[in-house]
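Single-structure report; data block below.
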Amino acid sequence: MEHLETFTEETRAWLEENCPAGMRRPMRREEDAVWGGRNYKFHGEDQRLWLERMAGRGWTVPTWAKEYGGGGLTPEEAKILKRELKRIGARPALVSFGIWMLGPALLKYGSETHKKEHLPRIARGEIRWCQGYSEPNAGSDLASLQTKAEDKGDHFLINGQKVWTSYADKSDWIFCLVRTDPKAPKHEGISFLLFDMASKGVSTKPIRLISGSSPFCETFFDDVKVPKENLVGELNKGWAIAKYLLTHEREMIGASGIERLPGSDLGATAAEVIGTKSGTLRNHLLRADIVRHEMDWAAFLLTLERARDEAKAGAGTGAVSSMLKYIGTELNKERAELLMAINGLQGLLWENEEDPEPPLSRQWLRSKGNSIEGGTSEIQLDIIAKRVLRLPQGN
Amino acid sequence: MALVISQEHDLLRDAAKGFLAEHAPVSALRTLRDSDDPFGYDPALWQRMTEMGWAGILVPEKYGGLDFGIVGAGLLMEEMGRTLSASPFFSTAIMAATLLKEVGREAQKKRLLPQIAAGKAVVALALDEGRSHDPGGIKLAAKPSGNGFVLNGEKTFVLDGHLADQVIVAARTGGKAGTKSGLSLFLIETDRAGLEFRRRTMVDSRNVADITFAEVKVDGDQLMGKLDEAYEPLEKALDVGRACLSSEMLGTASEAFERTLEYLRERKQFGVPIGSFQVLQHRAAHLFSEIEMLRSVVLKTLLSLQASDASSSFLASLAKAKAAQVVGLATSEAIQMHGGIGMTDEFDIGFFIKRAKVASETYGDYYFHADRFARIKGY
Ligand SMILES: Cc1cc2nc3c(=O)[nH]c(=O)nc-3n(C[C@H](O)[C@H](O)[C@H](O)COP(=O)(O)OP(=O)(O)OC[C@H]3O[C@@H](n4cnc5c(N)ncnc54)[C@H](O)[C@@H]3O)c2cc1C
């Protein structure tokens with residue numbers, strides 16, 4: 001206890017001294033998020049300083065071991081750090097697929113060489129990663145993927161196509177699922193490879209979303225040579241790694257609504273926009289929908305908290321991530337719908353010169369993807385039914 | 001405050017599970033109902049529960065109780081919600097004990113709390129006067145007279161009302177109906193002249209009574225707490241009750257759901273278990289997620305009440321509203337997924353929806369608490 005108190009005090013003092021003022025304001029624009037990478041251009045000196053200082057302490061990935069660029073914090077210490085960051089309204093110093101997805105997978109399945117090579121670079125934001133899972137014919141049925149990797153002695157030769165690869169055009173490396181045994185049953189011929197997106201034969205083509213931006217791409221591999229040592233885990237045993245990584249992705253997507261949408265207190269936003277009369281919102285039908293949603297949202301946040309506390313106490317299960325993803329993303333969409341209802345036509349502006357924030361309409365449209373990316377809601381329900389509830393398989 | 005159940009509480013839960021499975025399963029409720037039992041609960045069972053210390057779970061040690069706290073009381077309610085066990089636990093060990101602790105005079109506490117802990121007194125709370133919960137709307141009048149008061153009015157659906165030894169009555173001593181000030185609480189023996197009890201038969205086969213107060217005279221020292229200022233302590237006690245009811249509903253929802261899952265695995269149609277149909281799988285998975293959300297909310301609410309956090313009323317309303325939604329869904333889906341057999345009296349699943357609905361109405365339904373939640377949040 002005493003130790004935690006000292007830790008709290010020291011953390012508070014350090015943050016006070018080191019978190020630049022510009023990093024203590026809410027993130028409003030796309031460029032407020034720092035993704036890092038070889039070609040990353042910071043938007044202002046504060047971003048660069050904040051990342052440098054946090055990474056210097058290993059606090060971009062507080063619970064990773066120090067030798068891998070982490071802070072070596074215990075879960076309790078990490079919780080305190082998170083709380084202190086929140087207290088001063090600090091932005092994350094770095095956001096990335098490396099932190100959320102690849103890092104945890106490498107920590108569990110990577111060789112010592114892989115960990116030493118990749119984890120510190122992720123922690124410092126030097127390498128930006130993308131996820132090469134989905135293909136044109138392998139979406140929900142991901143294990144049917146066809147991108148092939150042929151054994152050529154000292155290297156694999158990769159040919160095929162990925163799709164919906166988020167930020168492929170901005171990323172330095174890819175963690176990629178490839179078929180290494182076309183004859184084996186579909187789950188047993190998949191391997192997990194890491195390679196440089198600058199390799200000869202890799203090309204990307206951005207795809208525009210309904211929300212107007214182009215965050216994801218088609219990604220093509222045309223005779224790409226990948227050194228053998230870039231294989232993570234054993235040959236043909238990549239599916240277990242892929243699934244483990246997905247549990248981290250799902251929990252992250254489920255929880256993403258906490259930071260993403262503005263007007264996070266729907267009741268207060270509605271009261272401000274629509275007005276109240278004798279203490280209740282003027283629009284009674286909308287009020288009923290808002291309160292129902294807000295109660296579910298509060299219940300979801302508590303469930304997220306409980307899942308994390310239980311995981312810390314060693315009682316968590318991987319399938320919980322499916323539940324969190326399902327609830328979190330469905331609520332995210334509903335929240336966006338309610339924000340649209342509160343804002344009327346104002347919310348439907350496509351460009352808004354008066355506001356630096358992306359217009360609500362685009363955020364609303366983007367939210368529709370939450371229940372698709374990382375595995376659709378239907379697939380999450382399938383996983384819960386099978387792995388948690390142990391219901392019989394269909395024929 | 002980590003959102004996990006401590007080992008100590010896990011042990012209590014395990015003990016309760018074993019005890020209730022043996023002594024108070026759903027079939028016991030069926031027997032009570034079918035025998036038109038005048039009590040509506042089994043006094044011998046209540047004695048056994050008392051021996052386990054349950055009657056005194058919230059009673060301080062110096063008054064002969066266990067003082068185990070609200071989290072423990074909630075866990076017991078959850079287990080009772082699974083077996084639908086009828087007893088005066090909620091009315092007496094939770095509501096009456098909480099109110100006595102909060103606002104009882106020392107003499108009242110000294111006399112009654114040990115009796116409650118020993119299972120020797122059933123104490124009911126006479127609060128509402130209409131169809132739906134409305135603590136502000138109390139009209140029953142207590143007029144000063146001599147060194148005491150005279151009470152006139154009606155109370156409805158008083159839990160364990162007709163078999164209680166004492167009632168705690170919420171009465172209006174000032175202010176207008178619909179206002180929060182001017183409410184007072186009195187502790188009255190049920191054999192006082194002018195009291196008339198009428199048992200009402202409810203869908204869940206438990207005990208409630210309507211009570212008429214006609215010129216009921218009480219002494220000044222029967223007042224609990226401060227004159228005209230009962231609203232706040234009453235709300236506080238009600239929040240404890242609401243949290244515990246939510247916990248009971250969590251138990252009922254979980255049990256109805258688990259029985260349904262069993263059936264989904266067992267029942268075959270079209271040559272396969274019906275649980276292999278994706279449409280049912282997805283509804284089950286959705287329901288599972290809803291129950292897990294309720295579990296988080298209930299645990300947080302119990303912990304925060306135990307720690308006397310400022311956010312307790314907001315959480316209690318969240319819990320009670322969410323519990324009503326979830327247990328409603330769980331018990332309706334239970335019937336639907338059982339098909340025809342779910343509609344039969346012979347099959348137990350019907351008992352769950354009946355108790356769930358009464359618990360949902362008690363001390364505020366979904367709409368009451370959704371409204372309260374929004375008001376606390378300023379809209
Ligand atoms: C914004 C966004 C970002 C993404 N980023 C990445 C990324 O970085 N890397 C990457 O690899 N992928 C990414 N994806 C792809 C994503 O993982 C897939 O889109 C998703 O898994 C669904 O696959 P699909 O699009 O082929 O849809 P399909 O699988 O064709 O599904 C179509 C519909 O059918 C339903 N369906 C499918 N199978 C079943 C079933 N068995 N039972 C019931 N219903 C079913 C689905 O739920 C869906 O409603 C991203 C997607 C989005 C929207």
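The values are calculated or read from the model by the stated rules, or taken from the named source; none is laboratory data. Predicted, not measured: the structure shown is a model, and the values here were computed from it. Here the Cβ positions follow ideal geometry from the backbone for every residue, glycine too, while neighbour counts run over all protein chains shown.
Only one entry in B:S289, B:S254, B:S246 is within 14 Å of chain A (Cβ to nearest Cβ), modelled with pLDDT of 95 or more and within 30 Å of B:V169 (Cα to Cα), namely B:S246. Only residues that are exposed (fewer than 15 other Cβ atoms within 10 Å of the Cβ) and in contact with a strand residue (DSSP E or B) (Cβ under 7 Å, 6 or more places away or on another chain) were counted in the range B:104-136, giving 1. Beta carbons closer than 7 Å, at least 6 apart along the sequence or on distinct chains, pair a first residue in the range B:351-379 that is within 9 Å of another protein chain (Cβ to nearest Cβ) with a second that is surrounded by fewer than 18 Cβ atoms within 10 Å (Cβ to Cβ) and among the small types (G, A, S) for B:R375/A:G279; B:G378/A:A268.
For the range A:380-394, the candidate set comprises residues that are of a type outside the set (A, V, I, L, M, F, W, C) and surrounded by fewer than 22 Cβ atoms within 10 Å (Cβ to Cβ); within that set, the residue that is farthest from the other protein chains (Cβ to nearest Cβ) is A:R387. Filtered by the rule that a residue be touching a residue at least 60 places away in the same chain (Cβ under 8 Å), within 14 Å of chain A (Cβ to nearest Cβ) and not aliphatic (A, V, I, L, M), the range B:313-341 gives B:S313, B:F314, B:S317, B:K320, B:K322, B:E333. The C-beta contact set for the range A:296-315 (first residue within 8 Å of another protein chain (Cβ to nearest Cβ), second residue crowded, with 16+ Cβ neighbours inside 10 Å and among the hydroxyl-bearing types (S, T, Y), distance under 9 angstrom, 6+ apart or interchain) comprises A:A299/B:S296; A:F300/B:S296; A:L302/B:S296; A:T303/B:S289; A:T303/B:S296; A:E305/B:S296; A:R306/B:S296.
Yes or no: B:R295 charged (D, E, K, R), more than 7 Å from every other protein chain (Cβ to nearest Cβ) and closer than 24 Å to A:E305 by Cα? First the steps, then the outcome.
On the way: charged (D, E, K, R): yes; more than 7 Å from every other protein chain (Cβ to nearest Cβ): yes; closer than 24 Å to A:E305 by Cα: yes.
Spelling it out, B:R295 is indeed charged (D, E, K, R), more than 7 Å from every other protein chain (Cβ to nearest Cβ) and closer than 24 Å to A:E305 by Cα.
Within the range A:202-244, track down each residue that is of a type in the set (A, V, I, L, M) and assigned to a strand (DSSP E or B). Walk me through how you get there before you give the answer.
Just the residues of the range A:202-244 that are of a type in the set (A, V, I, L, M), to begin with: A:202, A:207, A:209-210, A:224, A:226, A:231-232, A:235, A:240-242.
Once the filter is applied, which keeps residues that are of a type in the set (A, V, I, L, M) and assigned to a strand (DSSP E or B), the range A:202-244 yields A:V202, A:I207, A:V224, A:V226, A:L231, A:V232.
Among the residues of the range B:239-276, those identified as in contact (Cβ under 8 Å) with a residue 60 or more places away in the chain and among the β-branched types (V, I, T) are B:V240, B:T252, B:T260, B:I274. So for the range A:205-217 (the condition being away from the ligand (no atom under 11 Å from the Cβ), surrounded by 19 or more Cβ atoms within 10 Å (Cβ to Cβ) and not aliphatic (A, V, I, L, M)), does at least one residue qualify? No, that holds for no residue. If you check A:L85, A:L119, A:L107 for being of a type outside the set (D, E, K, R), away from the ligand (no atom under 16 Å from the Cβ) and surrounded by 22 or more Cβ atoms within 10 Å (Cβ to Cβ), only one passes: A:L119.
Within the range A:122-148, residues that are at negative phi and free of Cβ contacts under 8 Å to residues at least 40 places away in the same chain have Cβ atoms under 9 Å from residues that are more than 12 Å from the ligand (Cβ to nearest atom) and among the aliphatic types (A, V, I, L, M) in these pairs: A:K148/A:L157; A:K148/A:I158; A:K148/A:V178, counting only partners at least 6 apart in sequence or on another chain.
Checking A:R292 against (1) modelled with pLDDT under 95; (2) surrounded by 16 or more Cβ atoms within 10 Å (Cβ to Cβ), which single condition isn't satisfied? All conditions pass for A:R292, except number (1).
Scanning the range A:127-153 for residues that are in contact with a helix residue (DSSP H, G or I) (Cβ under 6 Å, 6 or more places away or on another chain) and more than 11 Å from the ligand (Cβ to nearest atom) gives A:I127, A:A143.
Just one of the listed residues (B:H369, B:H286, B:H338) is surrounded by 22 or more Cβ atoms within 10 Å (Cβ to Cβ) and not assigned by TED's automatic domain parsing to the domain that holds B:V158, and it is B:H369.
Of the residues B:K226, B:K217, the single one that is in contact with a helix residue (DSSP H, G or I) (Cβ under 9 Å, 6 or more places away or on another chain), under 30 Å from B:R131 (Cα atoms) and more than 11 Å from chain A (Cβ to nearest Cβ) is B:K226. Among the residues of the range A:358-380, the ones that are within 8 Å of the ligand (Cβ to nearest atom) and among the hydrophobic types (A, V, I, L, M, F, W, C) come to 2 in all. Scanning the range A:136-150 for residues that are exposed (fewer than 14 other Cβ atoms within 10 Å of the Cβ) and within 14 Å of A:G375 (Cβ to Cβ) returns A:S140, A:D141.
Where in the range B:1-84 are there helices (runs of 4 or more DSSP H), lying fully within it, with 3 or more residues that are in contact with a Ser or Thr (Cβ under 7 Å, 6 or more places away or on another chain)? Give the steps one after another, and end with the answer.
Details: elements: B:7-23, B:26-34, B:43-51, B:70-83.
In the range B:1-84, the matching helices (runs of 4 or more DSSP H) lie at B:26-34, B:43-51, B:70-83.
Against the list (1) more than 28 Å from A:E10 (Cβ to Cβ); (2) at pLDDT below 95; (3) in a loop (DSSP other than H, G, I, E, B), the condition A:E31 fails is (3).
Please determine whether any residue of the range A:262-273 is more than 14 Å from chain B (Cβ to nearest Cβ), at negative phi, within 16 Å of the ligand (Cβ to nearest atom) and not basic (K, R).
So the first thing to find is which residues in the range A:262-273 are more than 14 Å from chain B (Cβ to nearest Cβ), and the list is A:262.
Still in the running and at negative phi: A:262.
Retained after the next criterion (residues that are within 16 Å of the ligand (Cβ to nearest atom)): none.
No - not one qualifying residue is present in the range A:262-273.
Candidates in the range B:146-160 are the residues that are among the small types (G, A, S) and at pLDDT 95 or above; of these, the one that is nearest to the chain's Cα centre (by Cα) is B:G153.
When B:D309 is tested against (1) away from chain A (no Cβ under 14 Å); (2) in a loop (DSSP other than H, G, I, E, B), exactly one condition is not met: (1).
Let's see how each residue does on (1) modelled with pLDDT of 95 or more; (2) at negative phi; (3) within 12 Å of the ligand (Cβ to nearest atom):
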site	(1), (2), (3)
A:G314	no, no, no
A:G347	no, yes, no
A:I384	yes, yes, no
A:L389	yes, yes, no
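Of the conditions (1) surrounded by 20 or more Cβ atoms within 10 Å (Cβ to Cβ); (2) in a loop (DSSP other than H, G, I, E, B), A:M23 clears all except one; give me its number. Single failed check for A:M23: (2).
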